[in-house]
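To start, the structure under review is shown below, and the notes come after it.
The values are calculated or read from the model by the stated rules, or taken from the named source; none is laboratory data. Computed from a predicted model, the values in this text were never measured in an experiment. Positions of Cβ are generated from backbone atoms using ideal geometry, with glycine treated the same way; all protein chains shown enter the neighbour counts. When the accessible area is computed, the model is the full protein with side chains, heavy atoms only, and any ligands, DNA or RNA have been set aside. Shrake-Rupley method; radii C 1.70, N 1.55, O 1.52, S 1.80 Å.
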Amino acid sequence: MVAIFIIGFLVSMGLALALTPLVKKFAVRIGAMDTPNARKVHTRIMPRLGGLGIFLAFIITVAALLPFVSAWFTTRDMSFVSAFLVGGSIIVLIGALDDRFELSAKVKLLGQILAASVVVFGFNIRVDFVNIPFQDAYSSLETWVSIPLTILWIVGVTNAINLIDGLDGLAAGVSGIAIGTIAVMSFLMGNTMIALMCLVLLGSIIGFLFFNFHPAKIFMGDTGSLFLGFSLAMLSMLGFKQIAVVSFITPLIIIGVPLSDTLFAIIRRAVQRKPIFSPDKGHLHHCLRELGFSHRQTVLIIYGIAAFFGVLAIIQSSAAMFEANWVTFVVICIMMFFLQVGAEVIGLVSKTRKPVINFLMRMRVKLNPQTRSKS
């Protein structure tokens, strides 16, 4: 069994290394090029569509391995794999069309809803229960709740990865770290199918990163960012479904970087009275660049944050296994506090509004009257 996991990882990585240069030539030939503008960081025209190399390496490897591993999988596992491949193919088609013709946001959103609907209605894959914190039992969800919740989750995470795709290797690396985290936890929990899918996808991402890390030779485009977002939504939603002691919060921690960046983007645009889907240069990577960090330093810092979230997710789920649910509560509170303070320090929401930092400064003055008298 271990050999299959290793082979799957190495084959997908080798295929990504071999296919990405071919995809680059194809992108140039059909005119799928990314032109610099005021919102983008790069300064020269670059081929996109690189996500097609990730997808092809992944789907070819999975198709080759299925005859050897199908006996390990249950009927529901095979249904999940089919939903993953069909839904992922729809997402990749939408992304490829956008990389070439620049589709409107509404058309892309409809395509994502279509892919999510195929997963839910075509293969009956949905979140039909949740694990409530401080309780040991599942709480079943009514169909009218589970269906829109699943579609919202898939579409939301898909777009979260798309929003952080602003620097060479950023979206691919952050996605790879999150998928690697899910793989580790799946191994620990004995979820063979999810673990294998994660390792194959991780190999494809690493192979692609050889061409995408700064200085990039090709961008993944919406083809890659949408597919990786869709993949994370599916794997994080179902990777821990069979384990009752794992809190519902675990998937949120794993993809904490893209989700928090998306949340702050929504808040920022609401504060500035701008449309939610309007592009801007206020994302995490933009703010770090403004603080003086280089391109590579910014990407590596965000990799570190993503890895921290991954370790936090493993700690949280391990604590839940020992029924130490209070640890989950403490971890979430600490995480939310540092997220807010970090966002205010680098100006993710506003360069001037810093409510938590200002509150802490006022408390410091009140607790230290000597400082107040000197000022």
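Beta carbons closer than 6 Å, at least 6 apart along the sequence or on distinct chains, never pair a first residue in the range 1-25 that is in contact (Cβ under 8 Å) with a residue 60 or more places away in the chain with a second that is buried (at least 22 other Cβ atoms within 10 Å of the Cβ) and of a type in the set (Lys, Arg).
Filter the range 261-278 for residues that are open to solvent by less than 20 Å² (accessible area, probe 1.4 Å) and within 18 Å of the chain's Cα centre (by Cα); which is nearest to ILE302 (Cα to Cα)?
Applying the filter and picking the extreme gives ASP261.
In the set PHE68, PHE5, which member is open to solvent by 30 Å² or more (accessible area, probe 1.4 Å), part of a helix (DSSP H, G or I) and farther than 19 Å from SER225 by Cα? Residue meeting the stated conditions: PHE68.
Taking (1) at pLDDT below 90; (2) crowded, with 18+ Cβ neighbours inside 10 Å in turn, PHE129 satisfies each apart from (2). If only residues of the range 8-53 that are part of a loop (DSSP other than H, G, I, E, B), within 23 Å of the chain's Cα centre (by Cα) and not hydrophobic (A, V, I, L, M, F, W, C) are counted, the one that is modelled with the highest pLDDT is GLY50.
Restricting the search to the range 177-207, which residues are in a helix (DSSP H, G or I) and small (Gly, Ala, Ser)?
Passing the criteria: ALA178, GLY180, ALA183, SER186, ALA195, GLY203, SER204, GLY207.
Among the conditions (1) open to solvent by 40 Å² or more (accessible area, probe 1.4 Å); (2) within 19 Å of the chain's Cα centre (by Cα); (3) over 15 Å from SER225 (Cα atoms); (4) among the aliphatic types (A, V, I, L, M), the only one that LEU85 does not satisfy is (1).
Looking across the range 161-190, just one residue is among the charged types (D, E, K, R) and touching a Pro at 6+ places or on another chain (Cβ under 7 Å), and that is ASP168. Run down VAL81, VAL28, VAL92 and say which single residue is under 15 Å from MET220 (Cβ atoms) and among the β-branched types (Val, Ile, Thr). Step by step, each of VAL81, VAL28, VAL92 is checked, and only VAL92 is under 15 Å from MET220 (Cβ atoms) and among the β-branched types (Val, Ile, Thr). Among the residues of the range 181-235, the ones that are of a type in the set (Gly, Ala, Ser) and under 25 Å from ILE151 (Cβ atoms) come to 7 in all.
Condition first: open to solvent by 10 Å² or more (accessible area, probe 1.4 Å), among the aromatic types (Phe, Trp, Tyr) and in contact with a Gly (Cβ under 8 Å, 6 or more places away or on another chain). Now tell me which residues in the range 158-212 satisfy that. Result: PHE211, single match.
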